[in-house]
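The values are calculated or read from the model by the stated rules, or taken from the named source; none is laboratory data. Computed from a predicted structure; not experimentally measured. Don't worry about glycine lacking a Cβ; one is built from the backbone with ideal geometry, like all the others, and counts go over all protein chains shown. The protein model used for the area step is the full one, side chains on, heavy atoms only, and it has no ligands, DNA or RNA in it. Shrake-Rupley method; radii C 1.70, N 1.55, O 1.52, S 1.80 Å.
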Amino acid sequence: MKVTEIILVSENWKGTETNFLMTVADYLKYVDMDTFDSRKEVADSMIELGRTLGKENDWSELYFAGNKSVAARFCVDDRQLMKFLKGFYNSTDQEAVFDEKRCSGECLNKLAELGMDARGKASIDSLSYTRLDTVFEQGQTLRNFNGHDYRVMEKLSEKNLLLMDTMTGSFVVAQGTDLFARHPRGTEPTEENSLIAIEWGHGLYLSSTPSAIDFHHIRQQYGTERKIEDIYQYREMLQDRFCLYSNLEMDERMSSKAREAIMMANFEEFGTSDLEHFRKGLNAGLYDKGFAEIGEIKPEKSR
């Protein structure tokens, strides 16, 4: 069973919210489709449930007589499963409980495979970690085992990454980063039984305000120097960085706070977030002064 096949169910009965996990077949039995007035209502209900696939904040809702309502959705990933088990989606002013007895057996088996208990916590003693071979790329989104997503703002070296939390906009220099599969102890990691996430040895945690961060010092201290032989290669590097920032500004998967932080970083470094203005400044040599910090500026090559 895949995590995305689990249906997250939250039943509200007279102010008490009860959470449980179900397969599609068990969910259909639970809501008792025979009680619907027409086939159209059944179809509409299933269409609404289907629309929750891959959309973290969408839920289908059913209302029954006697102060009972049901919210349900397909699970997006292991992070959402963890949040659901911890009661993240429940109303803050209502009592919420998790009822294992009402869960489908396959769903509970999946929790055991993932090394996760009914409260969304990892059972560390029953888990193993296998390091995976990977090559990190700038612009990539990575997740740690605490459920936080990070965007690779710059690949400082093979294992040192400048990351930004996609929710808070905070930056961190992750030193000695590796990708791991977390899986049940005594088993080989597979797509079905593993959580894939990053871990790093040391982290330099920075501000969420780009103007307060000395990015040049960070690149010198933690990065592998990019080979820059002439002013044209230097400008190419700047253009790569500007395009990365610009693409991230438009990424709706990131929080508004994180996107604002990226926009500020772009403006702090280049004085604009407009591509045409940047290109004009780049071709006019407006940003060439940084090249002097790399070494003595060499004569420009004719083209």
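Per-residue answers, yes or no, for (1) farther than 20 Å from GLY147 by Cβ; (2) modelled with pLDDT under 90; (3) open to solvent by less than 30 Å² (accessible area, probe 1.4 Å):
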residue	(1), (2), (3)
TRP13	yes, yes, no
MET33	yes, yes, no
PHE36	yes, yes, no
ASN67	yes, yes, no
CYS75	no, no, yes
MET82	no, yes, yes
GLN94	yes, yes, no
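Taking the criterion of being touching a residue at least 24 places away in the same chain (Cβ under 8 Å) and open to solvent by 30 Å² or more (accessible area, probe 1.4 Å), the residues of region 204-214 that qualify are LEU204, TYR205, LEU206, SER207, SER208, THR209, SER211. Residue pairs whose Cβ atoms lie under 8 Å apart, separated by 6 or more positions or on different chains, with the first residue in region 43-59 and under 23 Å from ASP32 (Cβ atoms) and without any contact (Cβ under 8 Å) to a residue 40 or more places away in the chain and the second β-branched (Val, Ile, Thr) and assigned to a helix (DSSP H, G or I), are SER45/VAL31. Only strands (runs of 3 or more DSSP E) whose full extent lies in region 100-169 are considered here, and the ones with at least 1 residues that are at pLDDT 90 or above, β-branched (Val, Ile, Thr) and open to solvent by less than 30 Å² (accessible area, probe 1.4 Å) are 149-155.
Residues checked against (1) open to solvent by less than 60 Å² (accessible area, probe 1.4 Å); (2) in contact with a strand residue (DSSP E or B) (Cβ under 9 Å, 6 or more places away or on another chain); (3) within 26 Å of GLY54 (Cβ to Cβ); (4) of a type in the set (Asp, Glu):
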site	(1), (2), (3), (4)
VAL172	yes, yes, no, no
GLN175	yes, yes, no, no
ARG182	yes, yes, yes, no
PRO189	yes, yes, yes, no
ILE198	yes, yes, yes, no
TYR222	yes, yes, no, no
LEU238	yes, no, no, no
LEU248	yes, yes, yes, no
